Amino acid sequence: MSVEIIKAEHLTKYYGNFLAVNDISFSVNKGEIFGFLGPNGAGKTTTIRMLTGILNPSSGRIEVFGMDMKKHKIEIRERTGIVPEMANPYIDLSAMRNLRLMGRLYGMKGREIEKRSVELLKLFNLYEKKDTKVRGFSKGMKQRLSLAMAMLPDPELLFLDEPTSGLDVMSARLIKRIIREEQKKGKTIFMNTHNMQDANELCNRVAIINHGKLIAIDTPEKIKEIGAKSNVIEFSLSPFKFEGGIVEGRVEILGDKVKVYTAEVDETIKKIVNYAERENLKIVSLNVEKPSLEDVFMALVGEKNE
């Protein structure tokens, strides 16, 4: 039987007259990576701030580890690690001194802080920079250090806000690998992201939020089934030329490729071939695929949110 680590009931948040989060309810089970997806401004960060006790909801109830957030905020925080979207180490301190400071804030003993800090600096490929001030770190290095700081007390629950946003490929891969390893140890991870690839690769379940409302919640594969009635036809013509009106369905032009979302695969392919012949164009590539998580996400939230 699943154990609920996070339980949100009718969570609502107003900023003045602006409704940022609109009556959402969901739960997160022990040991899962739960993805919270949505375009910028959808309510993701506001939700994570309420779940971590930084913001109080306008209405609704939050339980973490079976404890009411209003009554047990300190106890919950002691068992939780938080990595905000913008990496937040102190830039005038070295990597090691940032970790020591965090250890003291968590009430850890000196020897434990030193041992754990060395382990994490090595894990995140930062040990050689342990005595270097963070001011000179790249964004990827700062993000890795932020995650190391959150993991220092070995928390049961990690909140990650856009953990790979804007990072170089190597930093992003390292962070994703460590997230998977933490899950294998039984940790629970709540991850805000608008990166569909990360969500598809990492998450056991995802929830999609738009304009403050939850519009879908399930496994990535089940979410994809929402768009299963539609197929994606991707093709490229040379020289590139395309008139959208020749096919039915949603059309996207991506560089020298065209994507058509349609349930009528056979009819649409025939129209593309006829168009190419009529205009004396060469078909460079033509593929038919089921919708990706990103395709379904865009269909659900709408192009206007891009």
Of the residues in the stretch 188-205 that are modelled with pLDDT of 95 or more and β-branched (Val, Ile, Thr), the one that is farthest from Asp295 (Cα to Cα) is Thr188
Here the residues within the stretch 67-81 that are closer than 18 Å to Lys13 by Cα and in a strand (DSSP E or B) are Asp68
3 or more residues crowded, with 20+ Cβ neighbours inside 10 Å: qualifying strands (runs of 3 or more DSSP E) within the stretch 185-253 = 188-193, 205-210, 231-238
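Return the residues of the stretch 46-66 that are in a loop (DSSP other than H, G, I, E, B) and either in contact with a helix residue (DSSP H, G or I) (Cβ under 9 Å, 6 or more places away or on another chain) or among the β-branched types (Val, Ile, Thr) (or both); say none if nothing qualifies.
Correct list: Thr52, Gly53, Ile54, Leu55, Asn56, Pro57, Phe65.
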If you go through the stretch 109-125, how many residues are closer than 20 Å to Lys176 by Cβ, buried (at least 20 other Cβ atoms within 10 Å of the Cβ) and of a type outside the set (Phe, Trp, Tyr)?
-> 2
Determine, yes or no, whether Phe297 is at pLDDT below 90, buried (at least 18 other Cβ atoms within 10 Å of the Cβ) and closer than 30 Å to Val206 by Cα.
-> yes
If you take the residues of the stretch 151-173 that are part of a helix (DSSP H, G or I) and either hydroxyl-bearing (Ser, Thr, Tyr) or farther than 19 Å from Lys109 by Cβ (or both), which of them is farthest from the chain's Cα centre (by Cα)?
-> Met170
Does the stretch 51-99 hold any residues that are among the aliphatic types (A, V, I, L, M), closer than 30 Å to Glu128 by Cβ and crowded, with 18+ Cβ neighbours inside 10 Å, and which are they?
-> Ile82, Val83, Ala87, Ala95, Met96, Leu99
What do you reckon, is Pro39 touching a His at 6+ places or on another chain (Cβ under 8 Å) and either within 30 Å of Thr219 (Cβ to Cβ) or among the hydroxyl-bearing types (Ser, Thr, Tyr) (or both)?
-> yes
So Ala42, is it among the small types (Gly, Ala, Ser), assigned by TED's automatic domain parsing to the domain that holds Ile208, modelled with pLDDT under 95 and over 23 Å from Val301 (Cβ atoms) = no
Look through Lys115, Lys130 and report the one residue that is of a type in the set (Lys, Arg) and more than 16 Å from Asp154 (Cα to Cα).
-> Lys130
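The values are calculated or read from the model by the stated rules, or taken from the named source; none is laboratory data. Just so we're clear, the structure is a prediction, and the values are computed from it rather than from any experiment. Cβ coordinates were reconstructed from backbone atoms using ideal geometry, including for glycine residues, and neighbour counts include every protein chain displayed.
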